[in-house]
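All remarks here apply to the structure that follows.
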Amino acid sequence: MNKQTQNELTIVSGFSDVYGQRVHDEIASSLREGKKIELLFKQGEPLVSSFLNEAIGRLFGEFSEESIRELVSVRGMDKDGQDMLKLVVANAKVYFERLKGPDPVWKGEAGENDDYPCPFCLSWVCTCDGDMELR
């Protein structure tokens, strides 16, 4: 019997964080089993960052970046979706890395503004330069 070494998951719509949770659970299950998973996005379907945060961003709090990059692949995502995914991944990595360290507010170590997300775009990796226009 030939053991399946890769799963495929077709993303019907990336418009709901609830659906993102279901996609996350499928990806996490494959990662726990050490199986590769390919996410197939349908061109022209709506995609929002809250879906990507739930589906993919949360993985960085549970698995190593190395495992995610090795076992998870994405196909069919348009350029805007790819850019959004890059931002979600960058924010997730910073967010979960900061969770490991002391909380500067509670530890009395609050300092520079880089300890907090941008107040305008609410991103740890600011792309708006404070004027709310993404560049």
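The values are calculated or read from the model by the stated rules, or taken from the named source; none is laboratory data. Remember, it's a predicted structure, so these values are computed and weren't measured experimentally. All Cβ positions, even for glycine, are placed from backbone atoms using ideal geometry, and neighbour counts span all protein chains on display.
Among Met84, Met77, which is among the aliphatic types (A, V, I, L, M) and under 12 Å from the mean Cα position of the chain (by Cα)? So that I can check it myself, show each step before the final result.
Working: Met77 fails: under 12 Å from the mean Cα position of the chain (by Cα).
Answer to the check: Met84.
So how many residues does the stretch 69-95 have that are over 14 Å from Phe51 (Cβ atoms) and among the hydrophobic types (A, V, I, L, M, F, W, C)?
Here the count works out to 4.
Using the structure shown, decide if Leu47 is under 11 Å from Ile27 (Cβ atoms) and either modelled with pLDDT under 95 or over 10 Å from the mean Cα position of the chain (by Cα) (or both). Give the steps one after another, and end with the answer.
Details: under 11 Å from Ile27 (Cβ atoms): no; either modelled with pLDDT under 95 or over 10 Å from the mean Cα position of the chain (by Cα) (or both): yes.
So Leu47 fails the test.
Is it the case that some residue within the stretch 49-70 is polar (S, T, N, Q) and farther than 24 Å from Glu97 by Cβ?
Of the residues in the stretch 49-70, the ones polar (S, T, N, Q) are 49-50, 53, 64, 67.
So of that shortlist, the ones also farther than 24 Å from Glu97 by Cβ come out as none.
Within the stretch 49-70, not a single residue is polar (S, T, N, Q) and farther than 24 Å from Glu97 by Cβ.
If you check Glu62 against the conditions, is it surrounded by 13 or more Cβ atoms within 10 Å (Cβ to Cβ) and in contact with a Ser or Thr (Cβ under 6 Å, 6 or more places away or on another chain)? Walk me through how you get there before you give the answer.
Numbers: surrounded by 13 or more Cβ atoms within 10 Å (Cβ to Cβ): yes; in contact with a Ser or Thr (Cβ under 6 Å, 6 or more places away or on another chain): no.
The answer is no for Glu62.
Contact list please: Cβ distance under 7 Å, first residue in the stretch 48-60 and within 9 Å of Leu85 (Cα to Cα), second residue modelled with pLDDT under 95 and outside any helix (DSSP H, G or I), pairs at least six apart or on different chains.
Within 7 Å, the pairs are Leu52/Gly14.
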